[in-house]
Amino acid sequence: MQTIYMEVLKGLVKEELAKLTGNLIKQTKGFASFFHTEEVSNGQKAVILKLDSQIVEYQSTGDDVRDSKNLSDLIEKTRVAVRSFRNDKNCDKKKSDTLEFLDNLKNYVTNFADKLSSSDFKFNFLNLKLTNTPEGLFYQHMIKYIGKGVFDHDENKNPDVRKKKELAVDKRCFKLNDYKNTNDFELRKARTLESLDELQRDNKMIVSEAKGKVSIPIDVTFGVIPISASITKPWSPKKGSLEVEINEAREEIQRLSARNFVVQSVEQEEEQPAPPENNDDDEPTIVPPPSEATNEDAAVVAANP
């Protein structure tokens, strides 16, 4: 079973790997090439591209915690492969931007699953089936918003504001879940769009209440005397990435048609057997990707466990 969490997670991981690959390419060009060996940069890039392919090919088992660990294992094995390659090329063993990047990426994957299963949230964000339904699209964009807070440090410049926004997301997801059992597509679509409007108002209110002044600590030294102080400056948060996800979700949901919606699917797909637990010495099991979805006249509605 493909899940919303894994769809989002794989997308976020691929975005990070694209950044790393881009950095390795830059190391072979222009001024940066004086400080990096092209053979080493290209070799590391090849290992990273292999990981990218493995991420694409990995098929969800329906158990998000287990799948998250499997992806972490893939990243760790890639980090070991990069380290081994660098050792063979007699590279600096104390510092490597690539190894540090992979360490951080592995932590992001673990922290993302931990965050979604946090007791701070009432809604169960994990193990939700990926569906092209109003609620499914709503949940997908909200999980992506929470994921950005884990993967992108720029998203956490004000953790208090970020926390309030995430709790607002949780509240709207939990409330929307009450409507998932109705068979009326237009009602469900309208209710989901209404939830987006409510969340948008929540976001604006949080931003409005947070406007004011922020105290920034500074450390200066006069002669040999260190002095700590702080300066106060006006600060105004932005509606930011939550607004982006709200708007994108609204556009996608508005395009949904009742012609492509049936509460109970005409035919349930056979569930793929879960891959066996991987041993520490083995590569995590990679199940070949399913064939591209056909244009069925029906979509399965996600049920929140």
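No value in this document is a laboratory result; all are computed from the given coordinates. Here the structure is a predicted model, which means the values were calculated and not measured. All Cβ positions, even for glycine, are placed from backbone atoms using ideal geometry, and neighbour counts span all protein chains on display.
Here are some notes:
- Neighbour-count ranking [beta-carbon atoms within 10 angstrom, fewest first] of 7, 155: 7, 155
- Our coupling estimate for region 14-26, obtained by passing each phi through the Karplus curve with A = 6.51, B = -1.76, C = 1.60 and θ = phi - 60°, is 5, 4, 5, 5, 5, 5, 5, 4, x, 5, 5, 5, 4 Hz, Gly and Pro reported as x.
- Rounded to the nearest 20 debye, dipole of region 1-105 from Cβ charges on Lys, Arg, Asp, Glu: 440
- Stretching residue 92 away from residue 119 to a fully extended chain increases their span by 5.5 nm, per 0.36 nm per residue minus the current alpha-carbon distance.
- Hz values of 3J(HN,Hα) by residue in region 174-179 - Karplus curve (6.51, -1.76, 1.60), Gly and Pro given as x: 5, 5, 5, 4, 5, 9
- Low-density loop positions, trypsin sites (Lys or Arg not before Pro), region 98-129 - DSSP coil, at most 14 other Cβ in 10 Å: 122
- Projected area, mean over directions - region 49-125, Cα convex hull, nm²: 6.2
- Rounded to whole Hz, the Karplus (6.51, -1.76, 1.60) HN-Hα couplings of region 55-68, x for glycine and proline: 5, 4, 7, 5, 9, 4, 8, x, 10, 5, 5, 5, 5, 4
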